[in-house]
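Comments concern the structure below.
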Amino acid sequence: MKLLLLSFVLVNSLLSFDYKLRTQEVSKDIYCFFGLAEVMDKRNNGNMSNSCFVNMGTSYLVIDSGPTFQYAAQAYEKMKTIKNLPLSYVVNTHVHDDHWLGNGFYKEQGAQIIGPATFKELPKEEMTRMQRRISAEAFQGTKQVYPTLFVEKEKIFTINGKKVDIKSVNHKAHTANDLFVYIPSEHIVFAGDLVFNERLPSLRDGNINGWIAALETLKKMDVKYVVGGHGDVVGKEAIAFTYNYLTQLRAAVKKRLDDGEDIGDVVNEVVMPEYKNTPFYDSIHRQNVESVYRTLEWEDE
């Protein structure tokens, strides 16, 4: 029996991937695992987005579950060394798979999973980007587990006397529908991928006008901390990078569109050199320019 158990542990250890996660304290009782400013691949195995834990007194509230079952399990093990608490809720801020494929682990721990209503529209068991791009050992155990509680406009609840306010942007911004999580007692908002820093944001599923409008809402909030979906800047200034890039991009494209330039010329001309050394510039910026041009062109018609 002991030999069988040892063999089981050995096989599982060989099939697992160590994410080497490191907890970083944002403020008292709030910790995040900050992802790398890299594209998902078989080296980082999807460790590219942020996952955060809030000690609500009697349980943890988790913001975004990460890219795999194993990532989520390793993150929770790290948190239990800080304080061994059960899990109450997991909030998925949007439908991009680097933020929610860890749901399966948290469901097994009894947590309730909350997300935007756009999860209802996702195809069942379709191969995700993550599954295509990372190693089989890292993806092992990961299943597509969707939220069962949905936020249409706003959901407010309390955990151990602490208010949690989850708001839906309710228009296309970074994605068709993004959530942000506001905890007044902690003076913090978790903005998901409405806020990027240390890498260029992507407009592939979004709308620049809606995204800027969402950021303007966040800028008006009375908070001390803003935690985005990518990057480890967590003060109120965390909003600035994404906001500045998007507003400058929109202005540059609009000027050329108003001058009658066609899309091919605009994609080549709007280079924004101040962002050239930012990770993902080479792979994303031209796509962003094209997206903005088409959005503004359609709105002008």
So what is the orientation-averaged projected area of the range 184-300, using the convex hull of its C-alpha atoms, in nm²? 7.2 nm²
Per-residue [θ]222 nm for the chain (sum of -39500 (n - 2.57) over DSSP H runs n ≥ 4, rounded to 500): -10500 deg cm²/dmol
DSSP beta bridge pairing in the range 15-238, given as percent antiparallel to the nearest 5: 60 percent
Arranged by the count of other C-beta atoms within 10 angstrom, fewest first, what order do PHE280, PHE69, PHE157 take? PHE157, PHE280, PHE69
Cα Rg over Rh - the range 117-161, Kirkwood: 1.13
Mean separation of Cα contacts under 8 Å, 6 or more apart, over the residue count of the range 188-283: relative contact order %: 35 percent
Helix 2-14 versus the longest principal axis of the chain: what angle, 0 to 90°, nearest 10, using Cα atoms? 10 degrees
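Considering only Cα-Cα distances, which of the following residue pairs are longer than 27 Å: LYS42/LYS155; LYS20/LYS167; LYS80/LYS220; LYS80/LYS163; LYS28/LYS80; LYS153/LYS219? Display every interim value, and only then the final one.
Values: LYS42/LYS155 37 Å; LYS20/LYS167 32 Å; LYS80/LYS220 35 Å; LYS80/LYS163 23 Å; LYS28/LYS80 16 Å; LYS153/LYS219 19 Å.
Checking Cα-Cα distances, LYS42/LYS155; LYS20/LYS167; LYS80/LYS220 exceed 27 Å.
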Please enumerate, by chain and number, the aspartates and glutamates with C-alpha under 13 Å from the C-alpha of LYS224, excluding those fewer than 8 residues away in the same chain. GLU186, GLU237
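Rank-order 56-64, 267-275, 140-148, 121-129 by packing density, defined as the average count of other C-beta atoms within 10 Å over each peptide's residues, highest first. Could you put the intermediate results ahead of the total?
Values: 56-64: 21.9, 267-275: 14.1, 140-148: 16.7, 121-129: 10.9.
Per-residue Cβ counts within 10 Å, averaged per peptide and sorted highest first, yield 56-64, 140-148, 267-275, 121-129.
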For the chain, what is the relative contact order in percent, using Cα pairs closer than 8 Å and at least 6 residues apart in sequence? 14 percent
In Å, the C-alpha Rg and Dmax of the chain are 20.0, 77
Restricting the range 235-297 to trypsin sites (Lys or Arg not before Pro) in coil, as DSSP defines it, with at most 12 other Cβ within 10 Å: LYS276
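Read-outs throughout are calculated quantities, based only on the coordinates presented, and are distinct from any laboratory measurement. Source: prediction; values computed, not measured. Counting neighbours? That spans all protein chains shown, and the Cβs are built from the backbone with ideal geometry, glycine included.
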